[in-house]
1. Obtain the nm distance between the two label points defined at residue 250 and residue 64 by a simple spin-label model: each point lies 7 Å from its Cα along the Cα-to-C-beta direction.
2. Going highest first, how would you order 99-105, 2-8 by mean Cβ packing within 10 Å?
3. Helix-only estimate, please: 222 nm mean residue ellipticity of the chain, summing -39500 (n - 2.57) across DSSP H runs of length 4 or more and dividing by its residues, to the nearest 500.
4. So, R0 is 25 Å and r is the distance between the beta-carbons of residue 115 and residue 203; what FRET efficiency does that work out to, to 0.05?
5. Using alpha carbons only, how many angstrom separate the centre of region 344-407 from the centre of region 227-293?
6. Can you tell me what share of the DSSP beta bridges in the chain is antiparallel? A percent to the nearest 5 is fine.
7. At what distance in nm do the modelled label points of residue 414 and residue 189 sit from each other, each positioned 7 Å from its Cα along Cα→Cβ?
8. How far is it, in nm, from the label point at residue 264 to the one at residue 160 when both lie 7 Å from their Cα along the line to the Cβ?
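Nothing in this text is a laboratory measurement; each read-out follows from the coordinates by a stated rule. Just so it is clear, the structure is predicted and the values come from calculations on it, not from any experiment. As a convention, Cβ positions derive from the backbone with ideal geometry for all residues, glycine included, and neighbour counts pool all protein chains shown.
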């Protein structure tokens, strides 16, 4: 059994990929502080919640329990005690249930050797990308992964601290580490820090394999390039390192190159049958008012489909945390006689379509909607905007599945 700690866990794309790869695994801990992601992860991977276990709690006792944790509503700032007190009872119960059921350690800054088990096989870390991304640079955010920048992306160095602590306490280091982030991490602006990170891992006895992989080469019709690093603990054994060199030479995932005619069609991802009331309602929600700024979006972004017909061999651009923006992932156009809302000639991708394009199943998405609790009048814990943000921040499951299959092969053939 592969024993896993999933840090910066988000929607749990790693867990979904382990399921898809049919690997026997156990999630020992998650590490995630954003409450929407905490709740979504729990529902996606564990199903409905049984909140009756908290029936004897008062509002104040729930507040006291939740206030022990450094949680965030936006992934950037801590929720204050006042903010926690403003949450409804069902909101507090759902978050507490999610934390406890997933053994969530919440804040990467407080994770250490003292609260991690001694038998980790795989530690995953998809730390925040906002200080690395091109969009961040556009807004003059140049923090990158500088160790003392105070930016979100500098949380990478908390992983360094954790590995150091495990080593100092004579605990076993994880056999595998898996990093995922934007490919800008390899750019001139950030490569010095990235190389420093790789050197630290080398000194700890890890062999590193860096991949830059695009989702479109893994049968997902989305042009999404990300960088991954598989680190394998060999304790500096040159014979093992040579075997790994040969393995990755023979099994290089970067060698998979599909053209758009080979990638699965968008017709299996876009929900264009508006005779289905569910899909129609979601499409209308994604159909924005045709303002001057959106006229520019309409002109400048790729058309993925017209009415119920996809554009053959077209693929979506990178799914981001917000679709009503320029540039975006792509648009569905309405012909004049088929507009769902008069005077609005296009729509954005729906959250359902974004989830599918990230490799999650429609069944999983429906389970999320079916359990999407109402935390106050007309407000759910996961509104559409949050669902889009969670999908944009996630990892394409299909790519992770292939990586985990490689890990299993390495475990069997080399170790």
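1. Taking the two extended label points, one gets 6.1 nm.
2. Going by the mean number of other Cβ atoms within 10 Å, highest first, we get 2-8, 99-105.
3. That comes out to -10500 deg cm²/dmol.
4. 0.55
5. 14
6. DSSP beta bridges in the chain are roughly 50 percent antiparallel.
7. 3.3
8. Going from the residue 264 label point to the residue 160 one covers 3.9 nm.
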